[in-house]
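Just so you know, all these numbers are worked out from the coordinates, no wet-lab data involved. Please read these numbers as outputs of a predicted model, since none were measured by experiment. Cβ sites come from the backbone with ideal geometry, for glycine too, and all protein chains shown count toward neighbours.
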Amino acid sequence: MALRLVFMGRLETVAGSGERDVPVAATLAGVLAALEPELAEALAAESIKLAVNGALVSDRAALALNDGDELAFLPPVSGG
Amino acid sequence: MARDVRLLDMPFDPQAELTRFSADRALAGGIVSFLGQVRGEACVEALELQHYEPLTLPGMETLANDALRRWPLEGLLVIHRTGLMHPGDPIVLVAAAARHRRDAFAAAEFAMDHLKSESWFWKREKSDGKWRWIEPRAVDFDDLKRWQ
């Protein structure tokens, strides 16, 4: 029973790796509460977008997570 | 083949790609292309582009479809690198073919402005042996507003 967290861009540096498996939590708040405070704060910032299983999430509070879900935390892009 | 959109994790040859793209565009009166490459700045040793598989290529395909809907094109080529690059390496190649030049210019610029500010890429630079993440630039968002 696990969730996969993906940290893109500078979040990878904050987390110390690009990916991490964590125990299943039903809500995003539950996931963040189990992380280091510095990382949780960085992930909760307003500028960070969230995708679950490749689809962007608009209402984080309404999110219901399931075993095997992949949560990608996406900072502002700086491409091209 | 009106649309050719690719995300590459290996170097590519822009001249060969343009030759191939142009060869199939007999109906086009003009082809406008833009090649972006790693800028050779004094202290920059390397550049890395990260992408997120489920979003990056689908986003580039949506962008190409938008351009094809917006202008009457004979073809549109979008190639973007990901991974590790060095000064002088090609990063992005956009080419738009149209019967008339204005449509080709506009579509190529539209595609580039959106790739720079909206596509799912994260960039970091290595200088003095240290990696540093690059933050978005305000000017890229200003460029985008021209199309809204």
*Low-density loop positions, GluC sites (Glu not before Pro), segment A:41-80 - DSSP coil, at most 15 other Cβ in 10 Å*: A:GLU46
_Residue-span extension gain [A:ARG4 to A:VAL22] - 0.36 nm each, minus C-alpha spacing_ = 5.8 nm
*Expressed as a fraction of 2.2 N^0.38 Å, the rule-of-thumb size for a compact globular protein of N residues, what is the C-alpha radius of gyration of segment B:69-148?*
1.30
*What is the dipole size for the protein assembly as shown, taken about its Cα centre, with +1 at each Lys and Arg Cβ and -1 at each Asp and Glu Cβ, in debye to the nearest 20?*
780 debye
*So what J values fall out for segment B:74-89 if you push phi through Karplus, 6.51 cos²θ - 1.76 cosθ + 1.60 with θ = phi - 60°, rounded to Hz, Gly and Pro as x?*
8, x, 9, 10, 9, 10, 10, 7, 9, x, 8, 9, 10, x, x, 6
_Compute the distance from the alpha-carbon center of segment B:91-107 to that of segment B:1-77, in whole Å._
11 Å
*Listed residues A:LEU71, A:LEU3, A:LEU56: farthest to the positive end of the dipole of chain A (Cβ charges)*: A:LEU56
*Equivalent-ellipsoid semi-axes (√(5λ), Cα gyration tensor) for segment B:7-78, whole Å, largest first?*
26, 18, 11
_Stokes-Einstein diffusion coefficient of segment B:108-147, Kirkwood radius over Cα pairs, 4 °C, 1.567 mPa s, in µm²/s_ = 114 µm²/s
*Using the Karplus curve 6.51 cos²θ - 1.76 cosθ + 1.60 with θ = phi - 60°, work out ³J(HN,Hα) for each residue of segment B:127-134 in order, rounded to whole Hz, and write x for Gly and Pro.*
9, 6, x, 10, 8, 9, 6, 9
_Could you tell me the calculated FRET efficiency between B:GLU135 and B:ALA42, based on Cβ-Cβ distance and R0 = 25 angstrom, to the nearest 0.05?_
0.80
*How long are the semi-axes of the ellipsoid equivalent to chain A, from square roots of 5 times the Cα gyration tensor eigenvalues, in whole Å, largest first?*
18, 14, 12
*What ranking of A:LYS49, B:LYS116 emerges when the number of other C-beta atoms within 10 Å of each C-beta is taken as an exposure proxy, fewest first?*
A:LYS49, B:LYS116
*Pop the C-beta distance of B:ALA16 and B:TRP147 into the FRET formula with R0 = 25 Å and round what comes out to the nearest 0.05.*
0.25
*asked:* Quick check: pseudo-label points 7 Å beyond the Cα along Cα→Cβ at A:ARG60 and B:ARG70, how many nm apart are they?
replied: 3.0 nm
_Let me check the size of the protein assembly as shown from its C-alpha atoms; what are the radius of gyration and Dmax in Å?_
19.5, 60
_Positive-end residue of A:ALA45, A:VAL24, B:ALA108, charge dipole of the protein assembly as shown with Cβ unit charges_ = B:ALA108
_Spelling out what I want: for every residue of segment B:7-22, take phi, set θ = phi - 60°, compute 6.51 cos²θ - 1.76 cosθ + 1.60 (Karplus), and round to whole Hz; glycine and proline get x._
10, 10, 9, 10, x, 10, 9, x, 5, 5, 5, 5, 4, 5, 4, 5
_When the convex hull of its Cα atoms is projected in every direction, mean area for segment B:3-145 (nm²)_ = 8.6 nm²
*asked:* I'd like to know how segment A:35-80 sits against the 2.2 N^0.38 Å rule of thumb: what's its Cα Rg over that expected value?
replied: 1.22
*Would you list, by chain and number, the aspartates and glutamates whose Cα falls below 20 Å from the Cα of B:LYS126, excluding same-chain residues fewer than 8 positions away?*
A:GLU12, B:ASP9, B:GLU41, B:GLU45, B:GLU48, B:ASP89, B:GLU135
*Which whole-number percent is the relative contact order of chain B (Cα, under 8 Å, 6+ apart)?*
33 percent
